[in-house]
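Everything below concerns the one structure shown next.
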Amino acid sequence: MDPGEPRDPRGEGAQRSPDDDEAFRFRDPAFEDTDPGRTHAETYPDDDRFASRARRGDEYDDPDQYESPVFTEEELEGLDRSSGPRRFLPLEDEPTTLVARYLFPTERYRGEWKRHWIHLSLPLSIGAGATLLLGYLAGFLTRQNVNGMVTVAVLIWLGVISWVAWKVFDWYFDRFILTNKRVMVVNGIVTRKVAMMPLLRVTDMKYEQSALGRMLSYGTFVLESAGQDQALREVKHLPNPNELYLRVVEEMYEPQAVEARLGKDDEGDDA
């Protein structure tokens, strides 16, 4: 061949594709036509062995390379093994006498809650501070032989402690109530106050938790209604606000689910 003549790519010096060379082809026994009657198990004799290992969890030839995990009872007791919907904390089946008088016969009682003990933090702090301060003052006046001022200090201390006791009783009789028709707040010892909002009129509801509220599990509920005059809008220091929020929302949007769950629980208790 002359130097000036172009090289034929199909000539002897051209490179051939590996696919055109029988020596470079991948030979898979499954696609060989030499024995059409061979079964898959005969073609791939190791498949059953690998599948059985996968079912047993034994993926290694050396048993020392794989160890099944072992869990203790202490590690498993924190797991939620129950199936089905989330269960709420149990509540009393019947309202207390303090609340029953404000419910009419056709509504269903869902629960009542006292405010969190943090609601008493201010009066209890004032009572403790007054006790320390007036106790020190009474001792100082006694050493100065001013008996009249000691009596005044004791009377002031009794007044502060009476005020603290009043706040404690007021906290005890203060209740947040939920039924299938409405939410209520009842408070007061001598003068009773009953604030009520129908669930059908609630247009928005939220709860707020500060950093301390998240640590101690309390929060403030804010209820918005369709009307202008809102007798019950902000309720402070309610315990377990997340669970209470779910109870109120479920009562608003899924009352049939609440009835079905309570009916099933009653049947389970009877059984």
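The values are calculated or read from the model by the stated rules, or taken from the named source; none is laboratory data. Given the structure is predicted, the values throughout are model-derived calculations rather than measurements. Counting neighbours? That spans all protein chains shown, and the Cβs are built from the backbone with ideal geometry, glycine included. All accessible areas refer to the heavy atoms of the entire protein, side chains included, with ligands and DNA or RNA removed. Shrake-Rupley method; radii C 1.70, N 1.55, O 1.52, S 1.80 Å.
What to note about this one:
- Among the candidates Val202, Val168, Val185, the residue that is of a type in the set (A, V, I, L, M, F, W, C) and closer than 12 Å to Leu238 by Cβ is uniquely Val185.
- Scanning the range 181-198 for residues that are more than 30 Å from Leu262 (Cβ to Cβ), open to solvent by 20 Å² or more (accessible area, probe 1.4 Å) and in contact with a helix residue (DSSP H, G or I) (Cβ under 8 Å, 6 or more places away or on another chain) yields one hit, Ile189.
A quick yes/no check of all residues on (1) touching a His at 6+ places or on another chain (Cβ under 7 Å); (2) among the aromatic types (Phe, Trp, Tyr); (3) at pLDDT below 90; (4) open to solvent by 30 Å² or more (accessible area, probe 1.4 Å):
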| position | (1), (2), (3), (4) |
| --- | --- |
| Leu158 | no, no, no, yes |
| Lys167 | no, no, no, yes |
| Thr179 | no, no, no, no |
| Arg201 | no, no, yes, yes |
| Ser210 | no, no, no, yes |
| Leu223 | no, no, yes, no |
| Glu234 | no, no, yes, yes |
| Pro239 | yes, no, no, no |
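- Leu124 vs. criteria at pLDDT 90 or above and either within 28 Å of Val249 (Cα to Cα) or in a helix (DSSP H, G or I) (or both): yes
- Residue in the range 107-120 that is open to solvent by 80 Å² or more (accessible area, probe 1.4 Å) and within 30 Å of Gln256 (Cβ to Cβ) present: yes
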